[in-house]
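> Structure below; questions to follow.
The values are calculated or read from the model by the stated rules, or taken from the named source; none is laboratory data. Remember, it's a predicted structure, so these values are computed and weren't measured experimentally. Methodologically, a virtual Cβ is constructed for each residue, glycine included, from the backbone with ideal geometry; neighbour enumeration extends over all protein chains shown. Just the protein is used for accessible areas: all its heavy atoms, side chains included, with ligands, DNA and RNA removed. Shrake-Rupley method; radii C 1.70, N 1.55, O 1.52, S 1.80 Å.
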Amino acid sequence: ANLRQILLKTSSLSGRTKLLHQTGLSLYSTSHGFYEEEVKKKLQQFPGGSIDLQKEDSGIGILTLNNPSKMNAFSGVMMLQLLEKVIELENWTEGKGLIVRGAKNTFSSGSDLNAVKSLGTPEDGMAVCMFMQNTLTRFMRLPLISVALVQGWALGGGAEFTTACDFRLMTPESKIRFVHKEMGIIPSWGGTTRLVEIIGSRQALKVLSGALKLDSKYALHIGMVEEVLQSSDETKSLEEAQEWLKQFIQGPPEVIRALKKSVCSGRELYLEEALQNERDLLGTVWGGPANLEAIAKKGKFNK
């Protein structure tokens with residue numbers, strides 16, 4: 001019996017697990033009252049800015065939130081483009097890492113208020129919420145190790161986007177602020193849920209209910225960010241972020257990607273499902289080129 005048959009025999013994975021590892025599936029469907037095409041038509045009415053993606057030969061992608069005249073606020077069109085870029089990244093098999101940043105030395109000020117004002121009903125709000133939760137959940141599940149490079153301000157939805165990345169780095173002068181309470185709402189692009197995961201429920205409650213301004217020092221103290229970078233210069237801080245990320249993406253894509261997938265399932269699934277998933281992912285790399293090469297070197301790497 002070959003490996004495939006063994007896996008098929010022993011895989012009694014639940015629907016949740018299958019959902020997690022088939023790319024391209026939505027979190028919400030019509031059964032939740034989510035009509036994706038209608039939401040897309042609405043969002044299309046609010047132009048401005050773009051989401052730019054540059055894929056480097058190093059296996060690092062650079063995703064730029066680009067709407068500088070509005071501090072990189074998300075227009076409706078940018079929300080649509082973000083989903084397009086996530087789909088492109090889902091299909092980038094050589095990819096290993098990803099840096100998210102904003103154009104012109106600031107991260108993002110959240111939603112463009114023009115769109116927010118025009119989408120005034122609770123139904124509209126929930127439709128956009130489902131659209132963005134879906135996009136950012138797919139983003140979080142990408143088999144890439146992702147880092148948000150926070151310069152200037154990350155406000156509202158911008159602060160929420162940083163939580164969809166595996167890691168966050170801040171430049172010395174930058175600030176993160178979940179400003180939602182002051183707008184009379186709550187974070188709903190998945191930001192609340194992910195923030196609790198990152199800093200714990202007690203700190204998350206403080207940060208959200210106090211609409212606290214997290215400067216780099218405080219953010220580091222509560223475990224919101226990994227490191228404060230040396231430089232605030234746009235080019236230099238991007239270089240620093242790339243250097244920082246490189247230590248985690250050395251090696252062949254299939255190994256890095258399998259690692260990220262197994263961490264995702266460890267976070268999202270029940271124990272038995274996560275263990276089965278870990279086993280299935282191992283089957284994709286055990287006896288593979290990187291593994292055989294390392295064995296041939298007879299364990300010189302464990303010094």
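> Scan SER174, SER216, SER201, SER146 and give me the residue that is of a type in the set (Gly, Ala, Ser) and in contact with a Pro (Cβ under 8 Å, 6 or more places away or on another chain).
SER216
> Would you call LEU113 in contact (Cβ under 8 Å) with a residue 24 or more places away in the chain and either within 30 Å of SER262 (Cα to Cα) or not assigned by the TED database to the domain that holds TYR218 (or both)?
No; evaluated as a whole, the condition is false for this residue.
> Working carefully through the options LEU142, LEU149, find the one that is in a loop (DSSP other than H, G, I, E, B) and modelled with pLDDT of 95 or more.
Values: LEU149 fails: in a loop (DSSP other than H, G, I, E, B).
On inspection, the qualifying residue turns out to be LEU142.
> If I ask for residues that are part of a helix (DSSP H, G or I) and closer than 17 Å to PHE167 by Cβ, which ones from the stretch 204-216 would you list?
If the condition is that a residue be part of a helix (DSSP H, G or I) and closer than 17 Å to PHE167 by Cβ, then SER216 is the only one that fits.
> Pull up the stretch 247-303, narrow it to residues that are part of a loop (DSSP other than H, G, I, E, B) and among the polar types (S, T, N, Q), then point me to the one that is most open to solvent (accessible area, probe 1.4 Å).
Applying the filter and picking the extreme gives GLN250.
> Hey, another quick one. Name the single residue that is farthest from LYS206 (Cα to Cα) among those in the stretch 157-194 being among the hydroxyl-bearing types (Ser, Thr, Tyr) and buried (at least 22 other Cβ atoms within 10 Å of the Cβ).
Only one residue fits best here, namely THR171.
> Only one of these is more than 16 Å from the chain's Cα centre (by Cα), assigned by the TED database to the domain that holds SER58 and farther than 15 Å from GLN151 by Cα: LEU238, LEU212. Name it.
LEU212
> Could you please find all residues in the stretch 209-226 being within 23 Å of ARG141 (Cα to Cα) and in contact with a Leu (Cβ under 9 Å, 6 or more places away or on another chain)?
Answer for the stretch 209-226, where residues must be within 23 Å of ARG141 (Cα to Cα) and in contact with a Leu (Cβ under 9 Å, 6 or more places away or on another chain): MET224, VAL225, GLU226.
> Check ALA219 against each of (1) assigned to a helix (DSSP H, G or I); (2) modelled with pLDDT of 95 or more; (3) out of contact with any strand residue (DSSP E or B) (no Cβ under 9 Å at 6 or more places or on another chain) and name the one condition it does not meet.
Going through the list (1) assigned to a helix (DSSP H, G or I); (2) modelled with pLDDT of 95 or more; (3) out of contact with any strand residue (DSSP E or B) (no Cβ under 9 Å at 6 or more places or on another chain), ALA219 breaks only (3).
> Suppose we filter ALA258, ALA294 for residues that are in contact with a Leu (Cβ under 6 Å, 6 or more places away or on another chain), within 19 Å of LYS96 (Cβ to Cβ) and of a type in the set (A, V, I, L, M); which single one remains?
The unique qualifying residue is ALA258.
> Something else about it: If ASP124 satisfies every condition in (1) more than 16 Å from ALA73 (Cα to Cα); (2) touching a strand residue (DSSP E or B) at 6+ places or on another chain (Cβ under 8 Å) but one, which is the exception?
(2)
> Determine which single condition SER231 fails, assuming it passes every other condition in (1) in the same structural domain as VAL150 (by the TED database); (2) closer than 24 Å to LEU195 by Cα; (3) open to solvent by less than 40 Å² (accessible area, probe 1.4 Å).
Unmet for SER231, out of (1) in the same structural domain as VAL150 (by the TED database); (2) closer than 24 Å to LEU195 by Cα; (3) open to solvent by less than 40 Å² (accessible area, probe 1.4 Å): (2).
> Could you list, in sequence order, all residues of the stretch 79-121 that are open to solvent by 60 Å² or more (accessible area, probe 1.4 Å) and of a type in the set (Lys, Arg)?
Looking only at the stretch 79-121, we keep the residues that are open to solvent by 60 Å² or more (accessible area, probe 1.4 Å), and these are 84, 87-88, 91, 93-94, 104-105, 113-114, 116-118, 120-121.
Passing the criteria: LYS104, LYS117.
> Now for a different question. Which number in (1) in contact (Cβ under 8 Å) with a residue 40 or more places away in the chain; (2) in a helix (DSSP H, G or I); (3) open to solvent by less than 40 Å² (accessible area, probe 1.4 Å) marks the one condition that GLU240 misses?
In the conditions (1) in contact (Cβ under 8 Å) with a residue 40 or more places away in the chain; (2) in a helix (DSSP H, G or I); (3) open to solvent by less than 40 Å² (accessible area, probe 1.4 Å), GLU240 misses (3) alone.
> Could I ask something else about it? State which residue pairs qualify: first residue closer than 17 Å to THR121 by Cβ and inside the stretch 30-43, second residue among the β-branched types (Val, Ile, Thr) and part of a helix (DSSP H, G or I) in any location, beta carbons under 9 Å apart, and separation of 6 or more residues or different chains.
Qualifying pairs under 9 Å: VAL39/VAL128; LYS42/VAL128; LEU43/VAL77; LEU43/VAL128.
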